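**Student:** Okay, handing you the structure first.
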Amino acid sequence: MNFFKVFHSNLSDIVTKLGEAGDLPEGLDTSRITCEPPRDATHGDVATNAAMVLCKQAKMKPRDLAEKLAPEIEKIAHVVSVEVAGPGFINVKLSDEFWHARLKDVLNAGTDWGQSDMGEGQTVNVEYVSANPTGPMHVGHGRGAVVGDALALLLAKAGYKVTKEYYINDAGAQVDVLARSVYLRYREAFGETVEIPEGLYPGDYLVPVGEKLKDVHGDKWLNADEADYLEEIKTFSINAMMDLIREDLAALGVVHDVFSSEKELVDNGGVEAALKYLEDRDLIYTGVLEPPKGKTSEDWEPRPQLLFKASQFGDDVDRPLKKSDGSGTYFASDIAYHFDKFQRGSDQLIDVLGADHGGYVKRMKAAVKAMSEGKAELDVKLAQMVNLLENGEPVKMSKRAGTFITLREVIDKVGKDVVRFIMLTRKNDAQLEFDFAKVTEQSKDNPVFYVQYAHARCYSVFRKAMDEFDGIDLSEANLATADLSHLSDESEIKLMRLMAEWPRLIEAAAKEHEPHRITYFLYDLASEFHSLWNKGTGDVSLRFLHADNLELTKARLALLKAVSLVIASGLLVLGVEPVKELR
RNA sequence: GACCCCGUAGCUCAGCAGGAUAGAGCAACGGAUUCCUAAUCCGUAGGUCGGAGGUUCGAAUCCUCUCGGGGUCGCCA
């Protein structure tokens, strides 16, 4: 439970009560009041801006208002002191017992600690990866995959009903190119020497697809016209590529709930339906676009085309729905796809895309606004580039030279947990450096290791405790019965406070759609824990295990258990497995 | 030309839902190991948050303008 929320509601009650008693005007708007951890810990445990926010309405000076609120706040359970500071902040200090109670909450909740009902069961559709089915995934896709997956897990933890979705772009020109490329590999499988011309996909990964095609269908297409084989080979190839991609995703621990096919959508008339919907609302017309400025485009010629009135919904210009050959643009089918997602009952839509799609965001948001009549909201997270490094030197990659590094190779080299964690050590829209040497290093420079090490350290103490205390019961239930009043050192309190803030962090991160905050939180928690551990090197009384004091030991173990649970809980949201031992 | 992202310590980056004296890590310097893994920790130093206005009791955070870096810009997805 997010105790800041509880505090907020206590505070609202106080304002109401004072209003009824005539000490304050009645019916003050308390919605802008915030209760949060003060930046500076010496200011206490909870800081509220209540007095500053209410002063205008109450027609009082903020500090006077604060002084009025303070005695009431002091009556709230576990509040040990209330102080008015600065321009009118009210700083509240909570008792150690309060933190002890939160520690018990953690033990009782286990890795469910942090689970929130903020989402109120609202439905969110997170679309991510959606790599074209034309080849194996590269590292950039991997970032989108991790960001999307972690975001989905995060939203689920915050109480949303989440659908994880993959959109298969199996209807455009690219899959025709794929089919033609595979056809050449098919001929190659019969012993022919082929050269992959410019414009087709040269990758080796299509060789086995050509061979399999031969195995399944024999030589029936060797001398056939393209029109006879293209569709069948296309379907065959797309399936093969999707198998490949699904394997890559599985290796990364990413599992989608729904795979949607663009082709199916088109075949089922989804695009027409969506365009009809827009047409009925007079949002489509035939017009001529201005040529793009500042960029020399020789082959540009003004041409009337079917346009969506995107500019009515915040886009800069209206956007084309049909190509010059009359077929639909990608945008047209994407409108249909988002329409479909909305109609399937999503209150919120999230797309995780590569940063190169940045120019696409406005028009898609406009489309969603139009298609949902403002009811659904689309948020687009752009996953920026990943730069692969080896000891600080950029890894040179070239498709031609065959030195292109796939996502799978990276996963196989460093493990999925490392990939997932590192991908979330930057916010999604900042470029990310992925250094093979650094991410596998066992030192504090490596955040994955640093956090995992903290978790492993907890377990190292558990093992030692089992040994020294003759198989002591380390279950949460038993540890929760410990006399926690033994936990009073500053570092111990800090740890408990951090863990108590975990639910609030989940809610904030979920609200902002920023899973990377989890990694930073875990780093902080690990840091606080390492710090306490090291205090024990100088001050023996702060060590966790005391052969002569079972009660103290039990309390310390309860703290350790909670730390390990919160770290595990956070890693779970990242899709990373907590380790109990480091080799 | 328009739009999007970025600009915070020498370097790499956080900055929580507008809050108080802006934080970590690296690098630099000085310390801690008879002890549950020192694979770690503690301390010192380092900043006009690119710049200028505005909104606000209060701005790194929101708005406008401006400078610098990156990206995108009908008939690719």
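The values are calculated or read from the model by the stated rules, or taken from the named source; none is laboratory data. Note that the structure is predicted; figures quoted are calculated from it, not measured. Because the Cβ atoms are built from the backbone with ideal geometry, glycine has one as well, and the counts that use them run over all protein chains shown. Each accessible area value is taken on the protein alone, full model and side chains, heavy atoms only, with ligands, DNA and RNA left out. Shrake-Rupley method; radii C 1.70, N 1.55, O 1.52, S 1.80 Å.
**Student:** So which of A:A173, A:A152 is touching a Lys or Arg at 6+ places or on another chain (Cβ under 7 Å) and not acidic (D, E)?
**Tutor:** Only one candidate passes the filter, namely A:A152.
**Student:** Still on this structure, I have one more. Looking at (1) within 8 Å of RNA strand B (Cβ to nearest atom); (2) more than 25 Å from A:S475 (Cα to Cα); (3) in contact with a helix residue (DSSP H, G or I) (Cβ under 7 Å, 6 or more places away or on another chain), which is the one condition that is false for A:E507?
**Tutor:** Here A:E507 meets the rest and fails (3).
**Student:** Six or more apart or on different chains, Cβ under 6 Å: which pairs go from a residue in segment A:16-35 that's in the same structural domain as A:V53 (by TED's automatic domain parsing) to one that's open to solvent by less than 80 Å² (accessible area, probe 1.4 Å) and part of a loop (DSSP other than H, G, I, E, B)? Could you list them?
**Tutor:** A:L18/A:L24; A:T34/A:N49
**Student:** Can you tell me which condition A:D267 does not meet? The list is (1) in the same structural domain as A:Q343 (by TED's automatic domain parsing); (2) within 30 Å of A:I411 (Cβ to Cβ), and all the others hold.
**Tutor:** (2)
**Student:** Here is a further query. Which members of segment A:445-471 meet the condition of being touching a residue at least 24 places away in the same chain (Cβ under 8 Å) and part of a loop (DSSP other than H, G, I, E, B)?
**Tutor:** Answer for segment A:445-471, where residues must be touching a residue at least 24 places away in the same chain (Cβ under 8 Å) and part of a loop (DSSP other than H, G, I, E, B): just A:F469.
**Student:** For segment A:328-335, state whether one or more residues are more than 11 Å from RNA strand B (Cβ to nearest atom) and either farther than 20 Å from A:G270 by Cα or in the same structural domain as A:E301 (by TED's automatic domain parsing) (or both).
**Tutor:** Checked segment A:328-335: at least one residue is more than 11 Å from RNA strand B (Cβ to nearest atom) and either farther than 20 Å from A:G270 by Cα or in the same structural domain as A:E301 (by TED's automatic domain parsing) (or both).
**Student:** While we're looking at this one, here's another question. Cβ-Cβ under 6 Å, sequence separation 6+ or interchain: first residue in segment A:406-432 and among the acidic types (D, E), partner open to solvent by 20 Å² or more (accessible area, probe 1.4 Å) and more than 15 Å from RNA strand B (Cβ to nearest atom). Which pairs?
**Tutor:** Note: pairs meeting the criteria are A:D417/A:E577.
**Student:** Here is a follow-up. Without any contact (Cβ under 8 Å) to a residue 60 or more places away in the chain and not β-branched (V, I, T): which single residue out of A:S569, A:S541, A:S527 fits that description?
**Tutor:** Among A:S569, A:S541, A:S527, only A:S541 is without any contact (Cβ under 8 Å) to a residue 60 or more places away in the chain and not β-branched (V, I, T).
**Student:** Filter segment A:230-243 down to residues that are in contact (Cβ under 8 Å) with a residue 12 or more places away in the chain and closer than 19 Å to A:E165 by Cβ, then give me how many there are.
**Tutor:** 3
**Student:** Please work out which one of (1) within 15 Å of RNA strand B (Cβ to nearest atom); (2) modelled with pLDDT of 90 or more is the condition A:L407 fails and give its number.
**Tutor:** (1)
**Student:** Considering (1) assigned to a helix (DSSP H, G or I); (2) within 15 Å of RNA strand B (Cβ to nearest atom); (3) open to solvent by less than 10 Å² (accessible area, probe 1.4 Å), say which one A:D149 fails and leave the rest.
**Tutor:** Against the list (1) assigned to a helix (DSSP H, G or I); (2) within 15 Å of RNA strand B (Cβ to nearest atom); (3) open to solvent by less than 10 Å² (accessible area, probe 1.4 Å), A:D149 comes up short only on (2).
**Student:** Quick one: which of A:K369, A:K341 is closer than 30 Å to A:V419 by Cα and more than 10 Å from RNA strand B (Cβ to nearest atom)?
**Tutor:** Exactly one residue qualifies, and that residue is A:K341.
**Student:** Another question about this same structure. Let me spell it out: the conditions are (1) open to solvent by less than 70 Å² (accessible area, probe 1.4 Å); (2) within 11 Å of RNA strand B (Cβ to nearest atom); (3) modelled with pLDDT of 90 or more, and A:A482 meets all of them except one. Which number is the exception?
**Tutor:** Condition not satisfied by A:A482: (2).
**Student:** Does A:V182 count as open to solvent by 20 Å² or more (accessible area, probe 1.4 Å), in contact with a Gly (Cβ under 8 Å, 6 or more places away or on another chain) and β-branched (V, I, T)?
**Tutor:** no
**Student:** To continue, here is another question. What do you reckon, is A:V448 open to solvent by less than 20 Å² (accessible area, probe 1.4 Å) and at pLDDT below 95?
**Tutor:** Yes; evaluated as a whole, the condition is true for this residue.
**Student:** In addition: Here is a list of conditions, (1) under 32 Å from the mean Cα position of the chain (by Cα); (2) more than 27 Å from A:L479 (Cβ to Cβ), and A:Q115 meets all of them except one; can you say which number that is?
**Tutor:** Every listed condition holds for A:Q115 apart from (2).
**Student:** Working carefully through the options A:D489, A:D473, A:D524, A:D548, find the one that is open to solvent by 20 Å² or more (accessible area, probe 1.4 Å), away from RNA strand B (no atom under 11 Å from the Cβ) and either among the basic types (K, R) or within 26 Å of A:A41 (Cβ to Cβ) (or both).
**Tutor:** When all the criteria are applied, what remains is A:D489.
**Student:** Among what's in segment A:41-73 and is among the acidic types (D, E) and open to solvent by less than 70 Å² (accessible area, probe 1.4 Å), pick the residue that is farthest from RNA strand B (Cβ to nearest atom).
**Tutor:** Going through the qualifying residues, I end up with A:E72.
**Student:** Taking the condition of being of a type in the set (G, A, S), more than 11 Å from A:P133 (Cα to Cα) and open to solvent by less than 40 Å² (accessible area, probe 1.4 Å), how many residues in segment A:236-260 meet it?
**Tutor:** Count: 3.
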